[in-house]
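Student: One structure coming up, written as structure tokens, with questions to follow.
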Amino acid sequence: MNDRIRDVYIVDAVRTPVGKYGGALASVRPDDLAAHVVRALAGRAPALDPARVDDVVFGNANGAGEENRDVARMAVLLAGLPVTVPGATVNRLCASGLEAVVQAYRAIALGDASVVIAGGVESMSRAPWVLPKPERAFPAGHQELYSTTLGWRMTNPKMPPRWTVSLGEGAELIADRHAIGRAAQDAFALASHEKAARAWKDGGYDAEVVPLPGVDLARDECIRDTTSLEALAALKPAFRKEGGTVTAGNSSPLNDGAAALLLCDEEGLRATGREPLARVRASAVTGIEPDLYGLGPVEAVRRALGKAGRSFADLTVFELNEAFAAQALGCLAEWPELDPAVVNPRGGAIAIGHPLGCSGARLVGSVAHQLAAAGSGTGLAALCIGVGQGQALVLER
């Protein structure tokens, strides 16, 4: 019988460099990306018997390609962990990696597990086209292929059209709501690139990034050290042709990557012989109108902080996923008490990239490493989620 909620620690976190669409990681299968970070994470805890891992939980937003057969379990087998270690794959779209961490946290807190690896993976480069089965045999007409890279596909006609707008149009709606102009979005995007480039130069990512052997990619591939406001201003609107403000330059790109974290209770922590990076305090997930998905984190963050007994003033670092500059700025506009200086101090997804199922795990790992570097503090990771959700997690050290 479990008579208490257990403390849950993040012992370590790793990730690949994030590759651009069709770039350096495009030749790597998603199950191999996942296996790489699982293998690297286990290798950094040599005192821990891999057989003690109670479960491996991975987030993945696609599931239609080479990762289709429970990529978490595939990662266990390909990484060389004992076959007795199970694996489960979860999907909360853009927050799938965060959902994996939350599920690991809950299992350990309730005593169902002691040691869990959680993470996420996505290869948007290798996302396949899919062909629906015909409704009747031997159709005479052409059949349509759908890309599974991003966004709506094979949409249910019962869905109201306003709910199924593109992700980019959803960002435009937020820009309209909060009067966020093109100049503000471009300035936010430029700052993301500048902060990410500076963090890499200063060694800010050295503790967490594990490059793949045989792949020529040592740094996140989409960071543009030399971009400028002038260059960003020259780009045309990508989604709303007339009067649009959202461009390829102030949006997150399409990406490939994987991330993994080692979570333990106190007994598991002793087995690792390691000092933890941080402790998990609270999480929250909320829903919102699907077309306003970008504002999903607003309420989720407030609820998670409330559960943790913390406020915006307590935050040392806040990793907010930058799906679009307009989306991030819209959220910030609804948190007037938040100091923007603590948000994405090492750059965000506009520069680093947004490999969907990986991103939530990447953000949590980044928060944990930054808290460890600071020595103490409260951290927060949050993402907006397509189809109208938001999720947040609070860490402390």
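The values are calculated or read from the model by the stated rules, or taken from the named source; none is laboratory data. The structure displayed is predicted, hence computed values, not measured ones. Neighbour counts are summed over all protein chains in view; Cβ atoms, including those assigned to glycine, are modelled from backbone coordinates with ideal geometry. Side chains are part of the model used for accessible areas, which takes the heavy atoms of the whole protein and leaves out ligands, DNA and RNA. Shrake-Rupley method; radii C 1.70, N 1.55, O 1.52, S 1.80 Å.
Student: In debye, nearest 20, what is the charge dipole magnitude of the chain about its Cα centre with +1 on Lys and Arg Cβ and -1 on Asp and Glu Cβ, if you could check? Don't skip to the end; give the middle numbers.
Tutor: Numbers: 39 positive and 45 negative charges, 69 e Å.
Using Cβ point charges on Lys, Arg, Asp and Glu, the chain gives about 340 debye.
Student: How far, in nm, would the chain grow between W163 and D176 when pulled straight, counting 0.36 nm per residue and subtracting the alpha carbon separation?
Tutor: On the way: separation 13, 0.36 × 13 = 4.68 nm, distance 1.65 nm.
Additional length available on full extension: 3.0 nm.
Student: What nm distance separates the two modelled labels at T226 and D49, each placed 7 Å from Cα along Cα→Cβ?
Tutor: The answer from the label model is 5.5 nm.
Student: Could I ask something else about it? With point charges of +1 on the Cβ of Lys and Arg and -1 on the Cβ of Asp and Glu, referenced to the Cα centre of the chain, which listed residue (A368, Q185, A278) lies farthest in the positive direction of the dipole?
Tutor: Selected residue: Q185.
Student: With label points built 7 Å along Cα→Cβ from the Cα atoms of M154 and A374, find their separation and express it in nm.
Tutor: 4.4
Student: Grab the other residues whose beta carbon is less than 11 angstrom from that of Q103, score K and R as +1, D and E as -1, and report the net.
Tutor: Result for the local shell: -1.
Student: As a check on your grasp of the helix formula, calculate [θ] at 222 nm for the chain: sum -39500 (n - 2.57) over DSSP H runs of n ≥ 4, divide by the residue count, round to the nearest 500. Before the final figure, lay out the partial values.
Tutor: Working: 11 runs with 125 residues, N = 397.
-9500 deg cm²/dmol, from helical runs alone.
Student: Still on this structure, please answer the following. Would you mind checking which residues have amide H under 5 Å from A282's amide H? H placed 1.01 Å from N; only 5 or more apart, or other chain.
Tutor: V394
Student: Give me the 1.4 Å probe accessible area per residue for region 149-294, excluding ligands and nucleic acids, in Å². Each step should come with its number before you reach the end.
Tutor: Working: 7050 Å² over 146 residues.
Here the residues of region 149-294 average 48 Å² of exposed surface.
Student: Along the Cα→Cβ direction, 7 angstrom out, place labels at E194 and A88. What is the inter-label distance in nm?
Tutor: Those two pseudo-labels are separated by 4.5 nm.
Student: If you average the C-alpha positions of region 29-79 and of region 303-380 separately, how far apart do those two centres end up, in angstrom?
Tutor: 25
Student: Which listed residue (L235, Y205, G249) has the Cα farthest towards the positive end of the charge dipole for region 205-259, taking +1 on Lys and Arg C-beta and -1 on Asp and Glu C-beta about the Cα centre?
Tutor: Positive-most Cα among the choices belongs to L235.
Student: Tell me, what is the FRET efficiency for A333 and F138 to the nearest 0.05, using R0 = 56 angstrom and their Cβ-Cβ distance as r?
Tutor: Working: r = 55 Å, r/R0 = 0.98.
Computed FRET efficiency for A333 and F138: 0.50.
Student: Over 32 Å between C-alpha atoms is what I'm after, so list which of K133/K236; K20/K236; K241/K307; K195/K241 land there.
Tutor: From the list (K133/K236; K20/K236; K241/K307; K195/K241), the Cα-Cα distance tops 32 Å for K133/K236; K241/K307.
Student: Along the charge dipole of the chain, which of A35, L110, V130 sits closest to the positive end, that is, farthest toward it, with unit charges on the beta carbon of Lys, Arg, Asp and Glu (+1, +1, -1, -1)?
Tutor: Ranked along the dipole, the leading option is V130.
Student: What percentage of the solvent-accessible surface of the chain, computed with a 1.4 Å probe over protein heavy atoms, is contributed by carbon and sulfur atoms? Before the final figure, lay out the partial values.
Tutor: Details: 8650 of 16210 Å².
Taking all protein chains in place, the chain shows 53 percent carbon and sulfur surface.
Student: So what J values fall out for region 364-379 if you push phi through Karplus, 6.51 cos²θ - 1.76 cosθ + 1.60 with θ = phi - 60°, rounded to Hz, Gly and Pro as x?
Tutor: For region 364-379, the Karplus-derived couplings read 5, x, 5, 4, 4, 5, 5, 5, 5, 5, 6, x, 6, x, 10, x Hz, x marking Gly and Pro.
Student: Using a Förster radius of 51 Å, what is the FRET efficiency between E242 and A341 based on their Cβ-Cβ separation? Nearest 0.05, please.
Tutor: 0.90
Student: Could you tell me which label, among [x] 1.02; [y] 0.95; [z] 1.06, carries the value of Cα Rg over 2.2 N^0.38 Å calculated for this structure?
Tutor: Checked against the structure: label [y].
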